[in-house]
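Let me begin by presenting the structure, written as structure tokens, before commenting on it.
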Amino acid sequence: MLFAIYCTDKPDHVQVRMDNRPDHLEHLAGIGDRLKAAGPTTLDDGETPSGSIIIIEDENIASARSFADADPYHKAGLFQSVEVRPFKWLLGTNK
């Protein structure tokens, strides 16, 4: 089953994001091909990160939430909010 993880950064926490980025990327890579898509959302300037969207394949929502909770960004206090929702792929390239 697919899950979309929506994360919103706390204001003025870009440095927390940058400091923890290598560990965050390692966390994502650690699930191999269960990672379907991931990337930052940005402010209106198209450059300044403001959050993350991650789509993963997992057994159930509890397991997907555990994955989100284990994210180094989350552990570092970057996120103002994290929401995990089941996701049904409808259109686009599904890798």
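The values are calculated or read from the model by the stated rules, or taken from the named source; none is laboratory data. These figures come from a predicted structure and were not determined experimentally. Ideal geometry is used to build each Cβ from the backbone, glycine not excepted, and the neighbour counts take in all protein chains shown.
Okay, here's what the table says:
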| item | result |
| --- | --- |
| Residue tally, condition of a type in the set (D, E, K, R) and either closer than 11 Å to Asp71 by Cβ or surrounded by 15 or more Cβ atoms within 10 Å (Cβ to Cβ) (or both), over the stretch 22-33 | 2 |
| Candidates Thr42, Thr8, Thr93 - the one that is surrounded by fewer than 17 Cβ atoms within 10 Å (Cβ to Cβ), β-branched (Val, Ile, Thr) and at pLDDT below 95 | Thr93 |
| Check on Asp23, closer than 28 Å to Leu90 by Cβ, touching a residue at least 40 places away in the same chain (Cβ under 8 Å) and in contact with a helix residue (DSSP H, G or I) (Cβ under 9 Å, 6 or more places away or on another chain) | no |
| Meets criteria (of a type outside the set (Gly, Ala, Ser), surrounded by 14 or more Cβ atoms within 10 Å (Cβ to Cβ) and in contact with a strand residue (DSSP E or B) (Cβ under 6 Å, 6 or more places away or on another chain)) for Asp58 | yes |
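Per-residue answers, yes or no, for (1) in contact (Cβ under 8 Å) with a residue 60 or more places away in the chain; (2) in contact with a Phe, Trp or Tyr (Cβ under 9 Å, 6 or more places away or on another chain); (3) not in a helix (DSSP H, G or I):
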{"site": "Ile54", "(1), (2), (3)": "no, yes, yes"}
{"site": "Glu59", "(1), (2), (3)": "no, no, yes"}
{"site": "Ala64", "(1), (2), (3)": "yes, yes, no"}
{"site": "Tyr73", "(1), (2), (3)": "yes, yes, no"}
{"site": "Gly77", "(1), (2), (3)": "yes, no, yes"}
{"site": "Val84", "(1), (2), (3)": "yes, yes, yes"}
{"site": "Leu90", "(1), (2), (3)": "no, no, yes"}
